[in-house]
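Asks: Before we start, here is the structure in question, set down as structure tokens.
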Amino acid sequence: MSEHAQADPAVGPESVASLAEAFRRTVAAHPEGIAVRTLDDSTRWSWGELARRVDALACGLAGLGVGRGDRVALMLGNRPEFHWVDLAAMNLGAVPFSIYQTLAPEQIEYVVGDSEAKLAIIERQYFERFMKARQNLRSLEQVIVIDGEGEQGTLRLDEVMGSNADFDVEAAWRSIGPDDLLTLIYTSGTTGPPKGVQLTHRNLLASIRAAREVIGFPPESRVISWLPSAHIAERAAHHYLPIAFGFTITTCSDPREIVNVLPQVKPNWFFAVPRIWEKLKAGLEARLRALPEAQRAGVEKALADALEKVRLEQAGKPVPTQLAERVADADAAIFSRLRAMLGLDQVEAVAAGAAPTPPAVIEFFHAIGIELGELWGMSETSGTGTVNPPGQVRIGTVGKPVPGVEIKLAPDKEILIRGDCVMPGYRNLPEKTKEAFPEDDWLATGDIGEFDEHGYLRIIDRKKEIIINAAGKNMSPANIESTLKGASPLIGLVCVIGDRRPYNAALIVLDADFAPAWADKNGLGGKSLEELAAEPKVREAVQQGVDAANAKLARVEQIKKFTIVAGDWLPGGDELTPTMKLKRKPIAEKYAREIEALYGA
């Protein structure tokens with residue numbers, strides 16, 4: 001546990017019944033502490049000010065008929081109002097949940113219809129898509145536009161604020177119990193329509209307590225709200241944790257700007273999907289390549305020493321004194337400046353999750369003094385499961401089960417989990433819920449895993465995504481993809497093909513950040529990603545990365561052929577879910593011609 005454990009935790013082992021009560025305790029303990037702010041401080045609310053806003057809006061929502069158990073749909077970006085309106089609905093005992101901003105009208109209609117939302121609160125920029133979806137949503141009674149000017153058929157936020165002022169908000173939040181629904185998380189739908197994961201106050205309180213025990217947080221911690229609030233990671237890490245412990249939330253409205261926001265906030269706790277860590281690494285490497293040759297050689301030697309030290313430590317071997325001294329000197333002279341440049345020089349813990357992170361990426365950050373660790377959880381487990389504890393990270397694993405969680409492996413190595421963080425079930429899907437709990441209260445996760453000799457869990461792949469080639473050999477595409485991405489900074493995204501095929505092939509997408517910088521240095525400056533994908537020199541460089549990856553893979557896993565896809569794959573597009581998971585079936589359909597060409601058909 002961290003030496004900086006929270007001095008005044010709002011959530012004790014059995015101290016509160018709901019997140020609404022945790023919020024009130026935080027307000028009472030830190031009324032003047034900053035709760036939510038924008039980067040430029042044009043919005044800056046203390047916990048006391050936030051509570052006043054929450055109460056005023058809760059009264060107005062109650063006047064519109066919103067009450068305990070009613071679902072409230074939110075289609076909002078990362079802005080202060082999200083935390084305000086979510087809390088207002090929560091304090092009524094309602095069930096606020098978020099919609100991915102990239103969804104098409106038909107997808108919005110499905111999610112809002114499945115939830116039977118009574119009211120929606122949206123931003124003006126999503127108005128047309130949402131209102132198109134609304135045409136077939138009979139249960140949806142009202143739509144509030146937080147930044148609208150009286151759009152037809154909607155309410156303005158200021159029209160709702162302050163009305164019904166006599167409503168007793170305190171009585172409403174005090175009536176909320178631990179088994180009342182807190183939110184819905186709609187899965188990203190890689191294998192069909194999204195499922196509504198029902199999460200209770202008990203579930204998230206268990207997750208919060210586990211995080212406190214494993215990580216600990218310094219008083220007045222800072223976090224950045226930048227991931228989609230429809231993702232459990234954003235809700236848990238950057239909404240519910242701050243509510244419980246009084247963190248300051250800085251909102252980042254454009255997730256593409258997170259690299260620029262980090263140095264201005266210097267968060268104490270930072271979670272990101274692997275793609276962001278890959279981008280941070282690629283950005284630093286591009287800067288290092290731009291250094292004068294003599295200076296670059298010195299930095300490269302320091303990095304090599306630091307990587308050697310990390311690998312020795314991970315293997316449990318002694319670190320030679322001279323090597324340790326050289327790395328310490330490099331840390332003071334070089335790596336400390338890199339950490340400050342990234343804005344990660346004051347972190348208590350950093351984590352990667354939601355998809356496999358290439359070990360080479362994690363090693364790189366350890367080398368420069370940032371102890372990046374993978375964690376594992378699901379929407380169905382409130383984002384909780386296993387964590388690499390600070391000071392005890394084992395690269396290549398997702399850590400140990402957190403306090404309050406039990407994990408075991410089924411005979412086929414599927415991971416089974418139980419604990420207070422596990423959902424009660426899926427909304428409107430009793431058969432899917434029954435299927436998810438094949439053994440008493442043990443949730444079947446769909447992930448295949450194994451424990452190492454230290455009790456750390458290693459994720460092999462999704463059960464349904466394992467490749468079985470034409471010879472009957474089982475392989476993990478995620479492991480192969482991770483190895484490829486770690487072998488070359490030019491390789492941004494990979495989809496491995498090989499199920500029922502004679503050999504493995506790959507669709508490769510160039511890294512949108514690194515490729516242009518590489519092109520400038522190799523006589524291809526000014527060319528687009530689409531143009532670079534067709535360049536022989538680029539293919540030669542990518543081939544070198546594939547060759548390096550193949551050297552680390554078993555013969556049956558190796559990539560025999562690949563094609564470079566023109567352009568980029570974006571979250572919420574044809575190829576990626578909003579949480580950047582590969583949509584393997586749509587990819588196979590969209591790129592059928594390219595795939596068949598790889599197999600000579």
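The values are calculated or read from the model by the stated rules, or taken from the named source; none is laboratory data. The structure displayed is predicted, hence computed values, not measured ones. With ideal geometry, Cβ positions are generated from the backbone for all residues, glycine too; neighbour counts draw on all protein chains shown. Heavy atoms of the whole protein, side chains included, go into the accessibility calculation; ligands, DNA and RNA do not. Shrake-Rupley method; radii C 1.70, N 1.55, O 1.52, S 1.80 Å.
Asks: Express in Å², to the nearest 10, the accessible area of R174 obtained by rolling a 1.4 Å probe over the protein heavy atoms while all chains stay in place.
Replies: 150 Å²
Asks: Can you tally the net charge around A505? Count Lys and Arg as +1, Asp and Glu as -1, for every other residue whose Cβ sits under 9 Å from the Cβ of A505. Provide the component values of the computation, followed by the final result.
Replies: On the way: positive: R501, K560, K561; negative: none.
Every neighbour counted, the sum reads +3.
Asks: Same structure, new question: Can you give me the distance in nm between label points at V259 and Q295, each placed 7 Å from the Cα along the Cα-to-Cβ direction?
Replies: 1.9 nm
Asks: Now a separate question. Treating the angle as unsigned and between 0 and 90°, give the value, to the nearest 10°, between the Cα long axis of helix 274-289 and the longest Cα principal axis of the chain.
Replies: 50 degrees
Asks: What length, rounded to one decimal in nm, is gained on full extension from E220 through to A328, with 0.36 nm per residue of separation minus their alpha-carbon distance? Could you put the intermediate results ahead of the total?
Replies: Working: separation 108, 0.36 × 108 = 38.88 nm, distance 2.97 nm.
Net length gain for the segment: 35.9 nm.
Asks: Do any of K301/K583; K281/K463; K527/K583; K266/K561; K408/K432; K281/K473 go past 32 Å between their Cα atoms, and which? Intermediate results must be reported in sequence, preceding the final value.
Replies: Details: K301/K583 40 Å; K281/K463 30 Å; K527/K583 28 Å; K266/K561 43 Å; K408/K432 21 Å; K281/K473 34 Å.
With Cα atoms farther than 32 Å apart: K301/K583; K266/K561; K281/K473.
Asks: Now, a different point. Could you tell me how far the Cα centroid of region 19-44 sits from the Cα centroid of region 258-298, in Å?
Replies: When both Cα centres are located, 30 Å separates them.
Asks: In deg cm²/dmol and to the nearest 500, what is the mean residue ellipticity at 222 nm of the chain if only DSSP H runs of at least 4 residues count, each as -39500 (n - 2.57), divided by the residue total? Working shown, then result.
Replies: On the way: 23 runs with 223 residues, N = 601.
The helix-only estimate for the chain comes to -11000 deg cm²/dmol at 222 nm.
Asks: Per-residue counts of other Cβ atoms within 10 Å, averaged by peptide: what ranking do you get for 387-393, 178-184, 516-522, highest first? Please list the in-between numbers first.
Replies: On the way: 387-393: 20.0, 178-184: 21.6, 516-522: 17.1.
Result, highest mean first: 178-184, 387-393, 516-522.
Asks: Given a cut-off of under 8 Å on Cα pairs at least six residues apart, what relative contact order in percent is computed for the chain?
Replies: On the way: 1176 pairs, mean separation 70.7, N = 601.
Relative CO of the chain lands at 12 percent.
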